[in-house]
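The values are calculated or read from the model by the stated rules, or taken from the named source; none is laboratory data. Since the model is a prediction, treat every value here as computed from it, not as a measurement. FYI the Cβ positions are ideal-geometry reconstructions off the backbone, even for glycines, and counts take in every protein chain you see.
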Amino acid sequence: MQTNSKSFPIQLTEKSQVEGVEWDKLEFGKIFSDHMFIMEYADGSWSNGEIVPFQAIPMHPAMSAIHYGQSIFEGLKAYKSKTGQINIFRPELNAHRFAESAKRMCMPEVPEALFLEAVRALIEVDQNWVPALEGYSLYIRPFMFATDHFVGIKPSETYKFMILTSPVGVYYSEPVRVKIEEHYTRAAVGGVGRAKAAGNYGASLYPAKQCQLNGFHQLLWTDAVEHKYIEESGTMNIIFQIGGKLITPSEDSDTILRGITKRTLIELVKEWGIVVEERRVSVEEIITAIREGKLEDAFGAGTAATIAQIAVIGYRDESLQLPPIESRVLSNRIKTYLDAVKYGEIEDVYGWNMTI
Ligand SMILES: *Cc1c(COP(=O)(O)O)cnc(C)c1O
């Protein structure tokens, strides 16, 4: 995929920090590359987009994002192939989703071409920060927040759009344990669950912490009304395999975040001739399938973790063991294929990569 090359002014850092990175000790999202992108919205338009050294930003105490939460983000990754080529996976879908999130939060849209050009320009400048190690990548975090200096509830008239990047390794080092949540809610119909809005994640921390105290990694969220239908897990979409078919909650309701990893793997497995059912998935159906030994695979899908195979599902006071990870033919095949495309080991026949 190509974008037209408009360019932004670039102020380079005086001294790159890349030499000091301890690649074998990377923790997700803790260190940042040398540069960042920043652009401002005022008087009805975006202007002054530029790449500058990574630095703190000044903040007015009445800045509206802090008080009322007009703040959205995206997450995507750049991968380096053995030949040194850099691939960014389906960034046009992130650009589109960012615009959708902006609309829902009453924020101005960043034109999709501008979003893509900013990502491209920043990764070009910091290309040494894309790790050339298997399983590693440069996580790219575009975000936008309201900057009016005004303590009153109304949509801000000024915003900042920024992009930072962070080299990362493997997200989950072991198969995950998830707990079915029957009290707390991630998103309700009519709410903002479909948007990558900052507040959704703040609101999920307390319930997630409760399950973590009980030895789980993440929650398996259910619908807000009856807690009978499965929606997604943590910040991943959820996928099951029963009777050879791939089964996943449909995204028709606005409570589920429309994941790019999930969309990609659905397109892929359909090509492989696997039947996909996107529909309501009840807790009861999944628990029954586990008990009867019919659940073949279960995994989370998201940019951060890619494919996270689920080892255990907690339901009320029980911990239900899923089939051994070695037997997970489908999730292993999907992960292997997606990694091979991202790291440029096989031909990108679907045109998913934006190459730098
Ligand atoms: C970002 C996110 C996902 C995964 O989306 P990808 O585009 O695959 O990274 C799933 N659920 C939630 C709640 C998310 O925030």
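Residues of the stretch 148-185 that are farther than 30 Å from Glu284 by Cβ, touching a helix residue (DSSP H, G or I) at 6+ places or on another chain (Cβ under 7 Å) and part of a loop (DSSP other than H, G, I, E, B): Asp148, Phe150, Val151, Ile153, Ser156. When Ile266, Ile287, Ile334 are checked against the criterion of being closer than 16 Å to Asn237 by Cα, out of contact with any helix residue (DSSP H, G or I) (no Cβ under 9 Å at 6 or more places or on another chain) and assigned to a helix (DSSP H, G or I), Ile266 stands alone in meeting it.
Check the stretch 251-269 and report whether any residue there is without any contact (Cβ under 8 Å) to a residue 12 or more places away in the chain and small (Gly, Ala, Ser). Taking every residue of the stretch 251-269 in turn, none turns out to be without any contact (Cβ under 8 Å) to a residue 12 or more places away in the chain and small (Gly, Ala, Ser). Would you confirm whether or not the stretch 194-206 contains a residue that is in contact with a Leu (Cβ under 7 Å, 6 or more places away or on another chain) and within 11 Å of the ligand (Cβ to nearest atom)? Yes, because at least one residue in the stretch 194-206 is in contact with a Leu (Cβ under 7 Å, 6 or more places away or on another chain) and within 11 Å of the ligand (Cβ to nearest atom). Reported count of residues in the stretch 224-243, each being buried (at least 22 other Cβ atoms within 10 Å of the Cβ), modelled with pLDDT of 95 or more and in a loop (DSSP other than H, G, I, E, B), is 0. Taking the stretch 241-270 as the range and being more than 10 Å from the ligand (Cβ to nearest atom), more than 23 Å from Ser327 (Cβ to Cβ) and of a type in the set (D, E, K, R) as the test, the residues that pass are Glu251, Asp252, Asp254, Glu267.
Consider Phe28 carefully, then state whether it is at pLDDT 95 or above, surrounded by fewer than 20 Cβ atoms within 10 Å (Cβ to Cβ) and closer than 24 Å to Tyr343 by Cα. Steps first, please.
Numbers: at pLDDT 95 or above: no; surrounded by fewer than 20 Cβ atoms within 10 Å (Cβ to Cβ): yes; closer than 24 Å to Tyr343 by Cα: yes.
No, not satisfied.
Taking residues in the stretch 54-73 that are assigned to a loop (DSSP other than H, G, I, E, B), and partners anywhere that are surrounded by fewer than 19 Cβ atoms within 10 Å (Cβ to Cβ) and hydroxyl-bearing (Ser, Thr, Tyr), the pairs with Cβ atoms closer than 9 Å and at least 6 places apart or on different chains are Phe54/Thr13.
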